[in-house]
Every structure is written in structure tokens, then in C-alpha cells.
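First comes the structure, then the notes that go with it.
The values are calculated or read from the model by the stated rules, or taken from the named source; none is laboratory data. Note that the structure is a prediction, hence the values are computed from the model and not measured. Heads up, the Cβs are rebuilt from the backbone with ideal geometry, glycines too, and the neighbour counts pull from every protein chain shown.
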Amino acid sequence: MRILAVDPGEKHIGLALSDASGTIASPLTVITHTKRSVDAAVIAGLALEHAVDRIIIGQALDSEGYAGYRARPAQRLAEAIRTQTILPVELWDESYSTQTARQVRIEMGAPRQQRRGHLDALAAVIILQDYLDEHENKP
């Protein structure tokens with residue numbers, strides 16, 4: 001089962017793709033946010049191009065695990081994607097994915113200049129790998 005993960009941001013949208021077995025997440029690309037309907041069409045097109053079975057959208061949850069105002073843009077993007085594809089679109093907790101991506105770059109020894117780049121695709125990988133690990137060995 002191949003899965004596409006989306007890390008929506010205000011300026012950029014990170015995308016990650018699982019392998020065919022649905023066990024390993026890899027960065028796919030970063031797209032520049034333009035308009036929700038256009039972003040949704042691009043994401044649906046990439047899902048079709050890569051023959052995915054499901055799309056996961058990262059949404060920020062609060063400390064209690066509830067979707068607050070910061071989750072609304074992800075929810076709206078998920079709805080827009082649902083109008084563009086028949087694939088299942090699922091929201092998944094993305095809390096701290098960008099901070100984790102930044103920490104990964106630091107641990108990899110990336111110089112400060114390189115750490116400023118897009119963390120969006122790496123954050124999408126973290127969201128997707130979390131999803132894959134949580135659903136491992138589940139039908």
C-alpha cells in the first residue's frame with residue numbers, strides 16, 4: 001500500500017511518499033502554496049502519478065489531542081483534495097513534525113545555512129513514518 005503524506009504550511013507544502021510495501025517514508029517534493037483548490041489538484045495529480053492508495057494530511061493538534069484553530073487549514077485542504085480524488089484522505093497528527101525535522105538536520109551535522117532550507121518535505125516524511133509505524137501489522 002503506497003501512501004502520500006502532506007505537510008501543509010502557509011507558504012510551502014511538503015510531500016512524502018511511502019514505498020510500495022507501506023513501511024518506509026521518503027521525501028517526494030515541496031510545492032509552493034498558491035490557492036487551496038490549485039494545491040489540491042496538484043496533490044491529487046501527484047497521488048495519481050505515483051499510484052497511491054491513501055493520502056495523509058498532517059494537522060496540528062493541541063496538548064489535549066484536539067483539533068484547534070491551527071488545524072483548520074489542514075482540514076480545509078483535506079476537503080479540497082477529497083473533491084479532486086476518490087482516494088481516502090485522512091488527517092493525522094503532525095504536532096512537532098517541523099521541530100523534529102529541524103532536530104534531525106542538526107543531528108545529521110548540517111551547517112546552519114543548510115538548516116534554513118525547506119523542512120517541509122522532511123516534516124512530511126516524519127508525519128508519514130509516524131503513520132506507517134502506528135499502522136504496522138494492522139490490516
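Sub-7 Å Cβ pairs linking a first residue in region 1-15 that is on the phi > 0 side of the Ramachandran plot to a second residue that is part of a loop (DSSP other than H, G, I, E, B) and buried (at least 24 other Cβ atoms within 10 Å of the Cβ), at least 6 apart or interchain, number zero.
Considering each residue of region 112-119 in turn, none proves to be modelled with pLDDT of 70 or more, surrounded by 14 or more Cβ atoms within 10 Å (Cβ to Cβ) and out of contact with any helix residue (DSSP H, G or I) (no Cβ under 6 Å at 6 or more places or on another chain).
Hey, can you tell me all the residues within region 22-62 that are more than 19 Å from residue 91 (Cβ to Cβ) and of a type outside the set (A, V, I, L, M)? Answer for region 22-62, where residues must be more than 19 Å from residue 91 (Cβ to Cβ) and of a type outside the set (A, V, I, L, M): 23, 26, 27, 29, 32, 34, 35, 45, 49, 50. Taking region 17-52 as the range and being without any contact (Cβ under 8 Å) to a residue 24 or more places away in the chain, in a strand (DSSP E or B) and surrounded by fewer than 15 Cβ atoms within 10 Å (Cβ to Cβ) as the test, only 32 passes. Taken over region 77-92, residues that are surrounded by 14 or more Cβ atoms within 10 Å (Cβ to Cβ) and either within 16 Å of residue 9 (Cβ to Cβ) or among the hydroxyl-bearing types (Ser, Thr, Tyr) (or both) amount to 7. Residue pairs, Cβ under 9 Å, 6 or more apart or interchain, first in region 74-85 and touching a residue at least 12 places away in the same chain (Cβ under 8 Å), second among the hydroxyl-bearing types (Ser, Thr, Tyr) and in a helix (DSSP H, G or I). List them. Between residues of region 74-85 that are touching a residue at least 12 places away in the same chain (Cβ under 8 Å) and residues that are among the hydroxyl-bearing types (Ser, Thr, Tyr) and in a helix (DSSP H, G or I), the close pairs are 80/37; 83/37; 84/37.
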